[in-house]
Every structure is written in C-alpha cells, then in structure tokens.
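A short worksheet on the structure shown next.
The values are calculated or read from the model by the stated rules, or taken from the named source; none is laboratory data. Please read all numbers here as calculations on a predicted model, not as lab measurements. Positions of Cβ are backbone-derived with ideal geometry, glycine not excepted, and every protein chain shown enters the neighbour counts. With ligands, DNA and RNA removed, areas are computed over all heavy atoms of the protein, side chains included. Shrake-Rupley method; radii C 1.70, N 1.55, O 1.52, S 1.80 Å.
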Amino acid sequence: MQHTITIGQSILAANNEIARSNNRELHERGLCAINVMAAPGAGKTSLILHLLEALPQEAFKGVIEGDVASSVDTEKILSAGFPAVQINTGGGCHLTAKMIRDVLPQFQLDRSGVLFIENIGNLICPCAYDLGEDLKLVISSVPEGDDKPIKYPKIFQIADVIVLNKTDYLAHSDFMLDAFLRGIEAVNPSVPVFHVSCKPRSGITELAKWVVEHCRLRSKP
Amino acid sequence: MHESAIAASILDLVLHALPDQQQRITKITIVAGVLAGIEPSCLELYFSELAKDTAAEHAELILQYKDAELVCQTCGNRETFQGRGSVNIECEKCGGLNRLQGGSEMYLDSIEVEG
C-alpha cells in the first residue's frame, strides 16, 4: 500500500542549524563574522589584508582561509601578523558550516572583533551555504567585466555589501560602471557598493568604516 | 552545482523521515527554485549511486522547479524568470528597472512510501 508523507524541510537544514550555532557562539564572544566571496583572483586575500590593517588595533582580527588546496593565503595572513587557519576542501567547491565549527577552537577568541572567512573562489556554490556569518561581502573586480551581476545573479542578490575591486584598471578597460551598478540594482536594490583598489590603495578606509559600523550593530548582544 | 552534496542531504532526510525502516520509498519530490542551481540529471546520477542498498534505492526523484520573478520597481509589472537566458533588467512594459525575486528555495516536499 502506498501513501504520501509531507515533509517540507529545507535540504540544507542540517548545515543551517550548525550555521546558527556558529553564529551564537561567535556572538557570545563579541565577534562579527564576514563571509568573503568572489571568483578566483578577484582580490579576496588582498582586500582582507587591507581591512585587517585598517580596522581598529585593539579588536580581535583573524581569518579562516578556504581553498581547495595549499596554504598560500594563510601564509600571507600569518606573515602580516594576524591569526589564520587554513581549510583545504580537497575538491569541495564551497565551505560549509561544519568546516567552520571544526576550526573555531584553533583561534584564541579572547576579545571582541572581526573574523573574516575567505570562501572558495567561486561565484555559484557558496551562495547556498550559510556559515554562521553576520555579513556576506561579495567582491567583483574590474577585469572580470561589468556583466557579472546579471550572469551570476544569486551571489549578488544575497550580498550585504558589494566591493568593486581593481578600480585602478577602469582607465584601461571598457568596463561600464553604469551597466555594472544597474545590474546590481536589478538583483539587490540599495545594497552598498564600495569602489576600491588594493594596489594602489584606494577606498579601503571608507569600506573599513562601514564594516566597523555594521559589525557593531549586528553583534550587539 | 555540487549535486553530490545535495543528493547526500536528500538521502539523509528521506531515510530519517521513513516511519518504518522495512518500508520502501517509491517517490521523492523536491522543490527547487531556478536560482538554486540544481541540475536534474546530475542530481539523479549522484542520488542513484548513494541510495544503493538503502530504502530509497528505487525511488523516483521528482524535481519541481519554482520560477524566479522580475518585478518592475516603477510600475509593478511581473515577469517570470526561468533561470536560463538573460535577466531582463528593464521592464517590458514601462522600461523601468526590474528587481529579481524568489527562485531560491530548495526543500524536500514529500515522499511516497510503500509497505
């Protein structure tokens, strides 16, 4: 005899529960987590390094680095004097909440501040997996072209803040800033968009100020 | 997208939902928004491999897609977006800027069991 059982449960329920637990634990320690997402080479590590330097000195500042393989980025963060822990997925295309939960004990979370999570370079897969972060920061860079918001709508739609990086290339490319901003407005109206470059340094101070304001607001107990 | 991880989550959910482990699951209905990025043939491939020797081994996987919508921010006109082709960022009625909404859900709707 056949019968139907209605379930109505999110497929990612297990991940989302761990993400909520991560978020609670970080908040209890006064920490704001930022999930940094972008295509490979858009400038995630460079931007994180600049923000680590620009954010208040007395705050905790650390990074969870996600890559398929290698510890290249973790070594850069450690050389700059900030704590960093590497996750290698060995082929996985995104970080998961469980991966974050498993590495949190490796940090000395002794004061309030910011924990950056540099996700795997990918404009598609990280969208579905909450990690327990407070903010989703999406980077798009000028050399990638101005059509990314309409080609990869989901990641731009879920962003809390969007950073256009490598603005120093604007003068040398046919990137249309209006087209880029219009595409963002169609998928995520009123999301803040910051224009930055890492080399030479530009726009970082304004972005850091926004991060401070939004982390303070979000991680209030 | 990473259908292997999605297939594993589905299998886990359906096996937990089975009231009696002697029963067999004959149908699994998944609802996925067009922006959730699930490719059906990939999902079926991974699911059939993972479900071998389980109560879901011969289950038929049914994927019901939910469209996203483009809603004009000026006149409120609605167009469906089925996940492929261009995102029409301009309203076909008034030329105003559209807003992309919905199409992101991904949930296990129901299972059919026998036995």
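Going down the table (A:Lys44/A:Lys98; A:Lys98/A:Lys151; A:Lys154/B:Lys27; A:Lys61/A:Lys154; A:Lys98/A:Lys209), which pairs top 27 Å between alpha carbons? Numbers along the way, then the final one.
Details: A:Lys44/A:Lys98 22 Å; A:Lys98/A:Lys151 29 Å; A:Lys154/B:Lys27 29 Å; A:Lys61/A:Lys154 29 Å; A:Lys98/A:Lys209 30 Å.
Beyond 27 Å between Cα atoms: A:Lys98/A:Lys151; A:Lys154/B:Lys27; A:Lys61/A:Lys154; A:Lys98/A:Lys209.
Basic side chains Lys and Arg get +1 at the Cβ, acidic Asp and Glu get -1 at the Cβ, and with that the dipole of chain B about its Cα centre reaches some 440 debye. How much net charge surrounds B:Ser86 when only the other residues with a Cβ under 14 Å from the Cβ of B:Ser86 are counted, with Lys and Arg +1 and Asp and Glu -1? Here the charged neighbours net out to 0. Cβ-Cβ distance of A:Ile7 and A:Ile124, R₀ of 35 Å, FRET efficiency by 1/(1 + (r/R0)^6): the value works out to about 0.85. In the stretch A:169-190, burial by the other protein chains removes 20 Å² or more of 1.4 Å probe accessible surface, compared with the chain on its own, from A:Arg182, A:Glu185, A:Ala186, A:Val187, A:Pro189. Grouping the Cα pair distances of chain B into 10 Å bins from zero gives a pair-distance distribution of 14, 37, 22, 16, 9, 2 percent in increasing distance order. Kirkwood's formula applied to the C-alpha pairs of chain A gives a hydrodynamic radius of 18.0 angstrom. Rounded to the nearest Hz, the phi-derived 3J(HN,Hα) couplings of the stretch A:89-105 under the Karplus curve 6.51 cos²θ - 1.76 cosθ + 1.60 (θ = phi - 60°) are 7, x, x, x, 9, 7, 7, 10, 4, 5, 4, 5, 4, 5, 9, 3, x, where x marks glycine and proline.
Projecting the Cα atoms of A:Val114, A:Leu135, A:Val85 onto the dipole axis of the stretch A:81-147, where Lys and Arg carry +1 and Asp and Glu carry -1 at the beta carbon, places A:Val85 farthest toward the positive end. Across all Cα atoms of the stretch A:58-105, the radius of gyration (one decimal) and Dmax (whole number) stand at 11.2, 37 Å.
Across the stretch A:16-28, computed HN-Hα scalar couplings (Karplus, 6.51 cos²θ - 1.76 cosθ + 1.60, θ = phi - 60°) run 5, 5, 5, 4, 5, 5, 4, 4, 5, 4, 5, 5, 4 Hz from first to last residue, x flagging Gly and Pro. A:Met176 label point, 7 Å along Cα→Cβ, cut-off 17 Å on backbone N: hits in the stretch B:53-94? Within reach of a label on A:Met176: B:86-91. Using only Cα atoms, find the angle between the long axis of helix B:40-50 and the longest principal axis of chain B, and express it within 0 to 90 degrees, rounded to the nearest 10. Tilt of helix B:40-50: around 20 degrees. Applied to the stretch B:60-70, the Karplus parametrisation 6.51 cos²θ - 1.76 cosθ + 1.60 on θ = phi - 60° returns per-residue 3J(HN,Hα) values of 8, 9, 10, 9, 9, 8, 10, 5, 8, 10, 10 Hz, with x for Gly and Pro.
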